[in-house]
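Notes follow once the structure below has been shown.
Laboratory data are not the source of any read-out in this text; all were calculated from the coordinates shown. Remember, it's a predicted structure, so these values are computed and weren't measured experimentally. Cβ atoms come from the backbone with ideal geometry, glycine included; neighbour counts cover every protein chain shown.
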Amino acid sequence: MPTENLRFGLIVVVVALMLAIGAGMWFGSRSTTPDVLPAAGGVSYTTVPEAIVVHVSGAVTRPGLVTVPSSARVADAIAGAGGAATGADLASLNLASSVRDGDQIVVPLVGAARTPGAAVDRGIDLNRASAAELESLPGVGPVLAGRIVAYRDLHGPFAAVEDLMDVGGIGEAKLAAMRDSIAAP
């Protein structure tokens, strides 16, 4: 009998040790950062993408107002309008272009005369463009693009193209050279 008690005790210890190791591995693999961080006052917030409204017209299945996420592209807005209709000239549009609240996107028919400014082809968005994208503006190199981004980060979004005059290195002549390549904020 003493041997059976010793063997039983040893089995109990081994099982308890295995359970402890398994529990440690399970708890150790869990993230210590909560998915939703509580804000002051104990209220939790999750991030919800902001929705915007754009007007899609022309050769689409359901022309009209379309609600899309703020990160949407022209292709997303066209899809939200039911997709392109037969004969739509999608090659004439930049389907990867970002859309902004209030934009109008006109999808032309193949061979139709294009109305200037009808499609979303506005130029560089000062409030969304990266430094690399800003370098595509006439007269803007890496240093000036960095200053524009730094100014925007410090002071918030540009309210008008003329606000670029507050960025060091941009004067009347430089602003005039790049004005046509900039989307109005």
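Send over the per residue convex hull volume for region 61-101, Cα only, as a whole number of Å³.
Here the figure is 63 Å³ per residue.
Given R₀ = 25 Å, what would the calculated FRET efficiency be for Val53 paired with Ala96, taking r from the Cβ atoms and rounding to 0.05?
It comes out at approximately 0.80.
Compute the FRET efficiency between Ala173 and Ala85 as 1/(1 + (r/R0)^6), taking r as their Cβ-Cβ distance and R0 = 41 Å, and round to the nearest 0.05.
FRET efficiency, Ala173 to Ala85: 0.35.
Please work out the ratio of the alpha-carbon Rg of region 124-183 to 2.2 N^0.38 Å and round it to two decimals.
Dividing the Cα Rg of region 124-183 by 2.2 N^0.38 Å gives 0.95.
Students often check this: by mean Cβ neighbours within 10 Å, which of 163-176, 69-82, 94-107 ranks highest, and how do the rest follow?
Put in order of decreasing packing, that is 69-82, 94-107, 163-176.
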